[in-house]
Structures are given as C-alpha cells and as structure tokens.
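Here is the structure we will look at.
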Amino acid sequence: MLPRALTVTEASLGSKMQPDGRRNGMATQCSGVVGGCGGRGEAGGREAAASVSPPAPGASPPARLIPLLALACGSSVATVYFSQPLLVTLGERFALGSGLLGAIVTVTQLGYAMGLLLLVPLGDLLDHRRLVTGQLGLLALALLAAGLAPGAVALLGALAVVGLLAVVAQTMVAAAAALTPPARRGRAVGTVTGGIVTGILLARAAAGLLADLAGWRAVYLVSAGVTAVLAVLLRRVLPARPPSAGARDVPSYGRLVVSTVTLFTRHPLLRIRGALALLVFASFSTLWSGVAQPLSGPPWSLSHTAIGAFGLAGAAGAVAAGVAGRWNDRGYAQRTTGAGLVLLALSWLPIALTGRSLWALAVGAVLLDFAVQAVHVTNQTLIHAVRPDAGSRIIGGYMVFYSAGSSLGAFGSSLAYAAAGWPAVSALGASFSLAALLLWATTRRSGVPGGGPGVW
C-alpha cells in the first residue's frame, strides 16, 4: 500500500538537516532556478508561497519523496517496455511481419529520444512539481489512446507519444539529484534508478500476465489509471521549487534546448559516458526486444505470462542500482564501470544457449541486467556532477544516447532474427557489449581533460 501523502507542513518541515551537506547545500538547492534562488519575480513568489516550500540548504528531501519518485519512475518507464512480451501478438493483430516487429519498440524509443531533447531540459527552467505532474497526466491520456487504438497507424502514433512523455522518469531522476545533498546524491539516484529498473522488469511480467487474462489492450488501459493516480500523489508530495539559479546561459526555452548539445560538445566526459550508454543499452535492447520470438515458438511455445516472467530473472539489476550508487559515493566509479562491462560481455555466453536451455537464458538475463544497471547508475552520478545546475539537460542529453541504443538494438535484433535466428541475435548483442568494453578501456588509458583516471 502506498504511504500516506505528506501534508504541506510535513513536506516543508519534515526533512532533517544533514551536517555533511552544509558546504554544498546552497548550490544543490539552487540547481533548478533560472535567475537566482529568489525565484522568478512577483509571480514566481506568489506561486512558491502558495505551495510547499523547498527544502532548506543542505537538507535531505522529505523522507517519503524519494521512494514515491522511485515508484513513479518505475511506472513511467515501464510504459516503454510493455510491448516487448507482446510483440508476436501485436504483429499478428496488426499484420506486421517478423522483420517489422522491432518497429513497435523503435517508434516508442524515437518518441523517447524526442522527449529527452525537448521535454527533459525543462526541468532546469520550470517548477519540478508542475512539470512532473503535468507530464504524468498527459502520459495517462497517451496510454489510454494506445489501449483503444483501432489500427497499426493509430497504435504506432500513440506509442510514439507514450515514449515522448515517458521521459518524465528522467525529470524525476534529475529532481531527486537536485533535492539531495552531494554526500547522499549517489544513494538517492541509486534508489530512484532502482525504481526504474524494477519498473522495467515488472513491465514485462505485468504486461504478459494482463495480456493473458484480459487481452493486450488491458495492459495500456490499466497503466493509464495507475499513472493518473501517481500524478495526484506527487502533486501533494513533491516540493514546489522555483527554476534554477545556476542556468545563467539559458534564459529561454530555445537556448535551453540548444545548450544541451553545447554541454556535450564542451565536456568529453559527457560524450564518453553517452557513447557507453548507447552501446550498453543496444546490448540490453537486443536481448529484451528479441527474446519473445524464440520463446513464443518451438521448442518452448511459452505464453505471454511466461515470457514476461523472464524479465524477473533480471531483478538483480535493481540490486545493482543501489550497490553502484554506494560505490560511486565511495569513489569507485571506474572499477564499477569496468566490472560491469566485463560482466555484460560474459552474459551473452549463456544467453546464446536460449534455444537449448531456459535456465541458461535466466542466468544470462541476471548477469546482463546487473551489469547494465551498474554502469547506468555510475554514468548518471558522474555526469550530474559535471554541471549540477544543468542536471536536467545533462541527464536528458545522456538519455538520448540510451534511447538511440535501445532503438538500434530493437531494430537490429528483429532483422537479425529474421535473417539467421537466435545465434545472429546473440552475436549482435555480444558485439555491442565488446564494443562498449573496448571504448571504456581505450578512454580509460588515454584520460579525459578535466577528469583524472580515478574519476571515470
């Protein structure tokens, strides 16, 4: 059962001061403000006075906020993955061949990429509470449209909008980072990212179960209702904050979006971590976008529920998110990245045996999800530290690489399976993993200006 929503008094007064956050607390709390911590003038002052006060400098966010953000993140990002165990059914329902099944995932990811560029940067300009709850409300409507889609064009269009709005999860990650003192930021990002991992895993299992019980449309209709409820809860709990004081170079939305590209041009660490994300999530998507086809056919012929349940085999990924967050707080980011990438490459050895053993697939899925989330949390923690005042833009830009990799993996896996079956899919996933390991090893030796080898 969800915890009772905080009242205004609880949200504004319930957090405790953290001694280890006093020195950097003001920079953290101002990370969402344009033009100064004083807000946006008279109108902004009236809005802030009428809502929940932001946490005091150096203070932790309200105790119930981070878990609720983790839940909302998981629910939001799950909408991007609902289609994966349903691909064969959706292909039959809308007359899509096996080589085109990846298009269902690809259009969602392309919408996600657009949202990352166009919507996530707004977190550095607008009040977090209004932005998050508004996007959740629109996401609920898009899910409703997907559940009621009469044909393939309507379905693909609705799923593209779902992807566009599902980026609210990344806005919430940036909000959690901005509301947390630097000494505890890794743990907060790890908790919220753990919610995302759990949402991805449960998305497959829940989608498979609901599809078997009530048809594929029920998956999207139920999600629409859950999303609407979470929007209401977060409206009460999330502190209203004026936009960021540190975004001196982004006085308008247009310059805000352009500055996202500029940030990645200026900071090599962002480009390297983004490239790692592209390759890592291409490997991730190669597995989860392609595995429904061998599992739904001979010799296994599994149901939607059974196919979706394999997502639970990767539950170790949620554990990895929390562990990686703690390791990053201790300065072990480089070791975490290297170990995760080695594990990712090795995971494809048992995954390649899917046609012979479901246990091999389960073991490989555990290793793959653990590795992916360890690297992902490390990436997000490091890139946010480059420019905390531009946290939303940096995370949004980084996740564009994630979305591009997911699209590449989804489309590539469907083509590979149509051409040569599961061995070709396994070879593709292993290639992405080895490329990521090679990139990390090369950049680790050469070093990055502005960041010593111990940083990344």
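Would you tally the residues in the range 328-350 being of a type in the set (Phe, Trp, Tyr) and in a loop (DSSP other than H, G, I, E, B)?
Summing the residues that are of a type in the set (Phe, Trp, Tyr) and in a loop (DSSP other than H, G, I, E, B) in the range 328-350 gives 1.
Can you tell which of Val161, Val192, Val197, Val173 is at pLDDT 90 or above, under 16 Å from Ser76 (Cβ atoms) and either part of a helix (DSSP H, G or I) or of a type outside the set (Lys, Arg) (or both)?
Going through Val161, Val192, Val197, Val173 in turn, the sole match is Val161.
For the range 173-206, give me each residue that is of a type in the set (S, T, N, Q), over 16 Å from the mean Cα position of the chain (by Cα) and surrounded by fewer than 24 Cβ atoms within 10 Å (Cβ to Cβ).
Passing the criteria: none in range.
Is there any pair linking a residue in the range 369-392 that is outside any helix (DSSP H, G or I) to one that is buried (at least 24 other Cβ atoms within 10 Å of the Cβ) and among the hydrophobic types (A, V, I, L, M, F, W, C), with Cβ under 9 Å and at least six apart or on different chains, and which?
Sorted first by the residue in the range 369-392, then by its partner, the pairs are Arg387/Ile394.
Kindly indicate whether Tyr417 is assigned to a helix (DSSP H, G or I) and either within 30 Å of Leu117 (Cα to Cα) or modelled with pLDDT under 90 (or both).
Taking the combined requirement at face value, the residue does not satisfy it.
Give the range 134-163 a look and list any residue that's under 24 Å from Pro67 (Cα atoms) and surrounded by fewer than 24 Cβ atoms within 10 Å (Cβ to Cβ), or say none.
Gly134, Gly137, Leu138, Ala140
Would you mention how many residues in the range 356-397 are in contact with a His (Cβ under 6 Å, 6 or more places away or on another chain) and surrounded by fewer than 24 Cβ atoms within 10 Å (Cβ to Cβ)?
1
Restricting attention to the range 321-378, and to residues there that are among the β-branched types (Val, Ile, Thr) and touching a Phe, Trp or Tyr at 6+ places or on another chain (Cβ under 7 Å), which single residue is farthest from Phe281 (Cα to Cα)?
Among them, the one singled out is Thr354.
Residues checked against (1) closer than 25 Å to Gln373 by Cα; (2) at pLDDT 90 or above; (3) charged (D, E, K, R):
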position	(1), (2), (3)
Pro61	yes, no, no
Leu71	yes, yes, no
Ala78	yes, yes, no
Ser83	yes, no, no
Leu87	yes, no, no
Gly99	no, no, no
Leu110	yes, no, no
Leu119	yes, no, no
Ala142	no, yes, no
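Just checking, does the range 98-118 include any residue being free of Cβ contacts under 8 Å to residues at least 40 places away in the same chain and crowded, with 18+ Cβ neighbours inside 10 Å?
no
Would you point out which residue out of Leu437, Leu408, Leu353 is surrounded by fewer than 24 Cβ atoms within 10 Å (Cβ to Cβ), among the hydrophobic types (A, V, I, L, M, F, W, C) and not in a helix (DSSP H, G or I)?
Of the residues listed, the single one that is surrounded by fewer than 24 Cβ atoms within 10 Å (Cβ to Cβ), among the hydrophobic types (A, V, I, L, M, F, W, C) and not in a helix (DSSP H, G or I) is Leu353.
Conditions (1) surrounded by 17 or more Cβ atoms within 10 Å (Cβ to Cβ); (2) under 30 Å from Leu126 (Cβ atoms), marked per residue:
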position	(1), (2)
Val257	yes, yes
Leu269	yes, yes
Ala275	yes, yes
Gly290	yes, no
Leu295	yes, no
Ser303	no, no
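So that you can scan it fast, the table gives a plain yes or no per residue for (1) under 23 Å from Gly123 (Cβ atoms); (2) of a type in the set (S, T, N, Q):
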| position | (1), (2) |
| --- | --- |
| Val323 | no, no |
| Trp327 | no, no |
| Gly338 | no, no |
| Ser357 | no, yes |
| Gln380 | yes, yes |
| Tyr402 | yes, no |
| Ala410 | no, no |
| Ala419 | no, no |
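If you check Leu87 against the conditions, is it part of a helix (DSSP H, G or I) and more than 19 Å from Ala228 (Cβ to Cβ)?
In short, yes.
The values are calculated or read from the model by the stated rules, or taken from the named source; none is laboratory data. Keep in mind that what you see is a predicted model, and the values were worked out from it rather than measured. Methodologically, a virtual Cβ is constructed for each residue, glycine included, from the backbone with ideal geometry; neighbour enumeration extends over all protein chains shown.
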